[in-house]
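The values are calculated or read from the model by the stated rules, or taken from the named source; none is laboratory data. Small disclaimer: the values here were computed from a predicted structure and weren't measured. Note that we place each Cβ from the backbone using ideal geometry, even for glycine, and neighbour counts take in every protein chain shown. When the accessible area is computed, the model is the full protein with side chains, heavy atoms only, and any ligands, DNA or RNA have been set aside. Shrake-Rupley method; radii C 1.70, N 1.55, O 1.52, S 1.80 Å.
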Amino acid sequence: MTTTGPGNRAPGATGAGGPRRARTPPPPPRDGVAHEVFGDLRCLLIAPRLLVLQVSHPVVGAGVADHSDFRADPWGRLLTTLLSLTTVVYGTPEESRAEARRLRRLHAAMTGTDDTGRPYRALDPEAYAWVHATLVMGPVDAMALFGTPLTGERLETYHRELREVGRIWGIADHRLPPDPAAFEARYAETVARRLGDNRAVRDVLEALAHPTPPVRRIPTAPWRALTRPVTRRLTLVTVGTLPPILRERLGLPWTPRDERDLRRLARRVRLLVEPLPGPVRLALPPLLLRLAAHRRARAARAARRAAGPTHNGPSTRSR
């Protein structure tokens, strides 16, 4: 499988004509719009919608169905995804670039054949760019529904900063629309032309409607009774914020009453979250960064142990 084709070379790759771009950009600035918006607690409410949109793409859906442990461990997969995304957006330049390289190495081996018999590869340039597009659109839609919509210069800045994140991931410039209007046009085109139903979509919807307990010691029946109010609201947000054309393709019902319930929930979230100070609304990224650093340190220790002892001192001479 070719992972560095003309539309999807790794950052800083070179070819016969020299470097594709002069540098890999740093993550978004700490005082930028992306930092302020991306880690807002309200974006978590729209996270399941992002999963549905991503796996509705045939390449992403086939890759998740064949290679992901989402069905067996949805909570662990969600945490791993959050840690990776937080590292790229909020980490140091070195951490961000290292995580992007790790992701590409991980996905490079993911190939197969989808349900229709078509071959796929996880690093397909269009599919990789679509995943990025859903992550760009998610906070925009979350703020429009649950907070203060991004408009004007703030929206332009946000898109500019997220284009740099796409470059960190190794997405080619021509797959990163230059402004919000171009982005929205390509996003709508992909929804209309490429997205549809598949096994992974059904797995995500089932996990959303009937989440398994995060640890096995929790009995399933009490867990589902306890989480039913939350899952009902998350399902409402997920289905209600999908593009209508995709919602129809997936056979997901949506009524005027559902729309009223969603607007009522959105008002309550705004009233609850908007008055909170910034450090409270943005409390999650620092916690996830610390956890990601802990995991990297633990993995490095395990790798050193697996490599065996090293002898750095003077050699012992035979007597």
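I'd like to check something: does region 277-292 contain any residue that is closer than 27 Å to ARG193 by Cα and either touching a strand residue (DSSP E or B) at 6+ places or on another chain (Cβ under 7 Å) or open to solvent by 30 Å² or more (accessible area, probe 1.4 Å) (or both)?
Within region 277-292 (the criterion being closer than 27 Å to ARG193 by Cα and either touching a strand residue (DSSP E or B) at 6+ places or on another chain (Cβ under 7 Å) or open to solvent by 30 Å² or more (accessible area, probe 1.4 Å) (or both)), the answer is no, since none of the residues qualifies.
Each row is one residue, and each column tells you yes or no for (1) in contact with a helix residue (DSSP H, G or I) (Cβ under 9 Å, 6 or more places away or on another chain); (2) aromatic (Phe, Trp, Tyr); (3) surrounded by fewer than 21 Cβ atoms within 10 Å (Cβ to Cβ); (4) farther than 17 Å from GLU161 by Cα.
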residue	(1), (2), (3), (4)
ARG105	no, no, yes, yes
THR111	yes, no, yes, yes
ASP115	yes, no, yes, yes
ALA122	yes, no, no, yes
ALA144	no, no, yes, yes
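Tell me which of these PRO214 doesn't satisfy, since it passes every other one: (1) within 23 Å of PHE70 (Cβ to Cβ); (2) open to solvent by less than 20 Å² (accessible area, probe 1.4 Å); (3) in contact (Cβ under 8 Å) with a residue 40 or more places away in the chain; (4) not aromatic (Phe, Trp, Tyr).
(2)
Restricting to region 70-113, name every residue that is of a type in the set (Phe, Trp, Tyr) and under 23 Å from ASP124 (Cα atoms).
PHE70
If the Cβ limit is 9 Å and pairs must be 6+ apart or interchain, which residue in region 121-149 that is farther than 30 Å from ALA108 by Cα pairs with which residue that is open to solvent by 10 Å² or more (accessible area, probe 1.4 Å) and polar (S, T, N, Q)?
Qualifying pairs under 9 Å: ASP141/THR241; ALA142/THR241; LEU145/THR241.
Look at GLU259 and say whether it is exposed (fewer than 14 other Cβ atoms within 10 Å of the Cβ) and under 24 Å from LEU208 (Cβ atoms).
The answer is yes for GLU259.
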